[in-house]
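Take a look at the structure below.
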Amino acid sequence: MQKIQMKTPLVEMDGDEMTRIIWKSIKEILLQPYIDLKTEYYDLGLEYRDQTNDQVTYDAAMANKKYGVSVKCATITPNAQRVEEYNLKEMWKSPNGTIRAILDGTVFRSPIVVNGISPIVSAWKKPITIARHAYGDVYRNTEYRVEGPGKAEIVFTGKDGKEIRQTIFDFEDKGVIMGMHNIDKSIESFARACFNYALDVKQDLWFATKDTISKKYDHTFKDIFQDIFEAEYKEKFAAANIEYFYTLIDDAVARVVRSEGGYIWACKNYDGDVMSDMVATAFGSLAMMTSVLVSPDGNYEYEAAHGTVTRHYYKHLKGEETSTNAMATLFAWTGALRKRGELDGLKDLVEFADQLEAASLRTIEEGTMTKDLALISELPEKKVVNTEQFLVEIRKTLDKIRN
């Protein structure tokens with residue numbers, strides 16, 4: 001069988017722990033037998049990030065800007081325990097946060113819906129897409145541990161030398177301070193990305209923050225969204241018969257739980273991180289969530305929305321069998337291959353991505369699945385397989401579809 005040819009490389013960002021192992025298996029079992037796979041490879045594993053002082057993360061993001069499409073494996077964002085475990089030089093920042101800041105895009109996350117697995121929230125009938133702002137907030141914060149009494153201030157020094165000070169808190173004892181920022185340009189890009197995506201998929205758009213408490217920070221988001229909507233999108237939304245509305249995030253959570261789904265829920269950076277995990281879990285599994293970062297200048301980064309599956313990795317190191325769900329990682333690859341094919345005019349590459357997704361869904365719907373899905377599947381007969389067996393079964397289904 002002649003392999004599908006590629007014109008332009010994908011930027012490939014390898015990752016950590018169990019997902020790194022799954023990454024390699026997906027390529028060997030489901031991609032390389034069918035595609036003359038061209039990638040520009042970057043090792044974002046924690047050890048190599050430490051060796052390069054995290055320069056590899058910046059290089060990978062710049063390569064994404066060069067080639068337009070990347071696919072990323074899950075990576076470790078180190079905490080104090082990881083610094084000790086891996087003997088790191090420092091507590092490196094989140095690779096996802098770094099890449100998002102460089103690309104300045106919006107992350108769209110949607111659940112992978114499979115027949116036989118019903119959402120935990122009984123009212124949900126349609127997928128809910130989380131649109132997550134990909135810049136600033138806690139991912140670009142500055143923190144300080146207060147060791148004793150003193151006054152904490154926000155100080156802004158303008159280009160003209162004028163200084164503005166606001167007191168944060170007068171500490172009488174130990175405490176902690178965090179400073180966050182965002183920029184209007186990025187918020188504007190976020191808003192337009194959300195409005196354009198809603199028009200593309202013909203779905204209502206919700207946006208939620210906490211402007212009643214955060215009267216400057218969150219209110220800026222609310223105002224920018226509303227101004228852009230009124231000036232550029234109000235008539236387009238009316239023509240498409242879809243709605244945009246703003247609400248407080250606590251009200252949004254209540255609305256979401258009561259809704260039937262089928263809309264886009266736009267959130268600030270950290271809110272989107274949390275809510276996408278909630279939506280993914282309620283629809284079935286964190287390993288059943290697609291994620292794509294779309295930048296204002298048309299760059300795409302596809303990734304799994306979950307972590308590195310540390311618990312399974314430690315079992316793997318002991319030689320124990322694991323049944324880790326590979327779906328989100330697989331859909332990161334299919335999403336990137338589809339977009340690469342669309343941009344390069346390669347219909348056979350687009351068709352292959354569609355076929356591989358269909359094969360993976362059919363495999364589950366016919367009863368073969370990993371342990372996490374078997375626990376929630378409503379199918380009367382289920383066959384639980386390990387990670388590699390699952391990928392092999394998908395390949396068998398794929399061959400039937402392609403033939």
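We did not get these values from a lab; they are worked out from the coordinates using the rules stated. Everything numeric in this text was worked out from a predicted model, so none of it was measured. Neighbour counts run over all protein chains shown; Cβ positions are idealised from the backbone, glycine included.
Each 5 Å bin from zero up to the one holding the largest Cα-Cα distance in the stretch 213-261 carries the following percent of pairs: 5, 17, 21, 19, 22, 14, 3. Straight-distance candidates among the lysines for linking to Lys234, with alpha-carbon spacing under 21 Å and chain neighbours fewer than 8 residues away dropped: Lys185, Lys202, Lys222.
Of all aspartates and glutamates in the structure, the ones whose alpha carbon falls short of 17 Å from that of Lys38, not counting any fewer than 8 places away in one chain, are Glu12, Asp14, Glu28, Glu301, Glu342, Asp344, Asp348. In the stretch 1-54, the alpha-carbon atoms span a convex hull of 65 Å³ per residue. Springs between alpha-carbon pairs under 10 angstrom, Gaussian network model over the chain: which of Asp200, Asp251, Asp160 fluctuates most? Looking only at Asp200, Asp251, Asp160, the biggest GNM fluctuation is shown by Asp160.
Rounded to the nearest 10 degrees, the angle from helix 184-201 to the longest Cα principal axis of the chain is 40 degrees. List the residues, sorted by chain then number, that are 5 or more residues from Lys383 or on another chain and whose placed amide H is less than 5 Å from its amide H. Under 5 Å from the amide H of Lys383: Thr368, Met369. Taking other C-beta atoms within 10 angstrom as a stand-in for reagent exposure, Phe352, Phe171, Phe190, Phe221 fall in the order Phe171, Phe352, Phe221, Phe190, fewest first.
The alpha carbon gyration tensor of the stretch 303-403 gives principal lengths a ≥ b ≥ c with a/c of 1.5 or higher and a/b no greater than b/c, which makes the shape oblate. Seen against the Cα atoms of the chain and their longest principal axis, helix 249-258 is set at about 30 degrees. Ranked by how many other Cβ atoms sit within 10 Å of their own Cβ, fewest first, the residues Arg258, Arg20 fall in the order Arg258, Arg20.
Run a plain Debye calculation on the stretch 120-245 (Cα atoms as equal point scatterers, no solvent) and give log10 I(q)/I(0) at q = 0.20 Å⁻¹, rounded to two decimals, same order as the q list. So the normalised log intensities work out to -1.20. Within the set [x] 20.8; [y] 19.4; [z] 23.2, the number that mean projected area of the Cα convex hull in nm² takes when calculated for this structure is listed as [z]. Annotation for the stretch 283-327: trypsin sites (Lys or Arg not before Pro) lying in DSSP loop with at most 11 further Cβ atoms inside 10 Å of their Cβ are Lys318.
For Lys383, the aspartates and glutamates whose Cα falls under 14 Å of its own Cα, not counting residues fewer than eight places away in the same chain, are Glu365, Glu366, Asp372, Glu393. If one takes the longest principal axis of the Cα atoms in the chain, at what angle in degrees, from 0 to 90 and to the nearest 10, does the Cα axis of helix 387-402 lie? Taking Cα atoms only, the helix is inclined about 70 degrees. With a Förster radius of 41 Å applied to the beta-carbon distance between Ser118 and Ile183, the computed FRET efficiency rounds to 0.50. Projecting the Cα positions of Asn299, Asn87, Gly45 onto the charge dipole of the chain (unit charges on Cβ atoms of Lys, Arg, Asp and Glu, taken about the Cα centre) puts Asn299 furthest along the positive direction.
Label zone (Lys38, point 7 Å along Cα-to-C-beta; backbone nitrogen cut-off 18 Å) within the stretch 65-109: 65-71. Globularity index of the stretch 54-117 is 1.43 (Cα radius of gyration / 2.2 N^0.38 Å, N = number of residues).
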